[in-house]
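Structure first, then comments.
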Amino acid sequence: MDNKWTSTKKKVRQTLSAMRPHHYVKNVFVFLPLFFGLHFFNLHRLVAVSVAFVIFCWVASAVYIFNDLIDIRADQQHPTKRYRPIASGAMSKRWAYGVIASLLGAALILTACLGQTAVLLVLGYIGLNMVYSLRLKQVAIVDVFVIALGFFIRLQLGAVVAKTPLSMWIILMTFLLALFLGFAKRRDDILLLETGVSSEIRGSMGGYTLPFLDSTISILASGIIVAYLMYTVSDHTIAFVGSANLFYTTIFVLFGILRYLQITMVLRRSGSPTKILWNDGVLQVTLVAWTVGVTWVLYL
């Protein structure tokens, strides 16, 4: 009995590890239309968007597991990914496919409660990521754009569920930020290859070099800052918010971007954006300060 219980606990632990719940922070983007649409404290809409958040968490976990199944050989040669449950052999392929089916089934059933448009968006996200895992991640630049498109779908789902129109500036900033983080992660992959720490990561790496990625990351960083500044000073935003003070929060965006550039180019540890966010106190304080500042202007 004790051995069976121990085995069950181990399987549950490995399953949760493969689902990567620490990445769920990415799905917070579904709340942005609600937040910037000034409806964040509308309980009915907040509950609906929270359901969308749960759906994306389940779908994202299914996608992660599917991607790990496709990437077993490459992950086994990676310095950290080789310890993942599937790559290490701690989680069987059969069990992994069962978890994928369960997560997607539960997510689609829950999505059906949110309407036809929500179902189409979720199905589109699933299909896009399946194609990404099977082929598009092998194509340089396209691989990162597909990831950024996933964040756009998150925004769209949040807007549909919250019944709130999306600002073009919010869409642009989110897309640029996703590209910025994606290319920064590719930079870390290139460093691992050039230093000999890893011999194989992904096929798209042949389309990247450090100078190219450094230039791309710098361009995107500038674009994010300019787009945010334009959003805060636009006539539409000032009229909608009823205040011209939102532009003061640009200082937190500027500081956060510079800090991430420092982590990427000086400290050279941009392999996992979510781990950086969970572990870097400077970024955490900056994010909290920005959130408080924006909330104060928008709602108080």
Checklist outcome for this item: Taking region 101-133 and keeping residues in contact with a helix residue (DSSP H, G or I) (Cβ under 8 Å, 6 or more places away or on another chain) and among the polar types (S, T, N, Q) leaves 111, 117, 129, 133
Checklist outcome for this item: Among 112, 118, the single one that is more than 28 Å from residue 8 (Cα to Cα), crowded, with 18+ Cβ neighbours inside 10 Å and of a type in the set (A, V, I, L, M, F, W, C) is 118
Next on the checklist: With the structure loaded, tell me whether residue 163 is under 18 Å from residue 49 (Cβ atoms) and at pLDDT below 95 or whether it fails that test.
Outcome noted: yes
Checklist outcome for this item: Every listed condition ((1) part of a helix (DSSP H, G or I); (2) touching a residue at least 24 places away in the same chain (Cβ under 8 Å); (3) within 19 Å of the chain's Cα centre (by Cα)) holds for residue 206 save (3)
Checklist entry - In region 13-33, is there at least one residue being of a type in the set (A, V, I, L, M), under 22 Å from residue 87 (Cβ atoms) and buried (at least 19 other Cβ atoms within 10 Å of the Cβ)? => result yes
Checklist outcome for this item: Of the listed residues (143, 188), the one being buried (at least 20 other Cβ atoms within 10 Å of the Cβ), modelled with pLDDT under 95 and within 27 Å of residue 73 (Cα to Cα) is 143
Checklist entry - Residues that are modelled with pLDDT of 95 or more and either in the same structural domain as residue 150 (by TED's automatic domain parsing) or farther than 20 Å from residue 132 by Cα (or both): which helices (runs of 4 or more DSSP H) entirely in region 50-115 hold 3 or more of them? => result 93-112
Item to check | Out of 140, 148, sole residue that is of a type in the set (A, V, I, L, M), outside the structural domain of residue 229 (by TED's automatic domain parsing), within 15 Å of residue 26 (Cβ to Cβ) and in contact with a helix residue (DSSP H, G or I) (Cβ under 8 Å, 6 or more places away or on another chain) | outcome: 148
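A quick yes/no check of all residues on (1) surrounded by 14 or more Cβ atoms within 10 Å (Cβ to Cβ); (2) in contact (Cβ under 8 Å) with a residue 12 or more places away in the chain; (3) farther than 22 Å from residue 22 by Cα:
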residue: 228; (1), (2), (3): yes, yes, yes
residue: 233; (1), (2), (3): no, yes, yes
residue: 239; (1), (2), (3): no, no, yes
residue: 257; (1), (2), (3): yes, yes, no
residue: 264; (1), (2), (3): yes, yes, no
residue: 273; (1), (2), (3): yes, yes, no
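The values are calculated or read from the model by the stated rules, or taken from the named source; none is laboratory data. Keep in mind it's a predicted model, so treat the numbers as computed, not measured. No Cβ is skipped: glycine too gets one built from the backbone with ideal geometry, and neighbour counts run over all protein chains shown.
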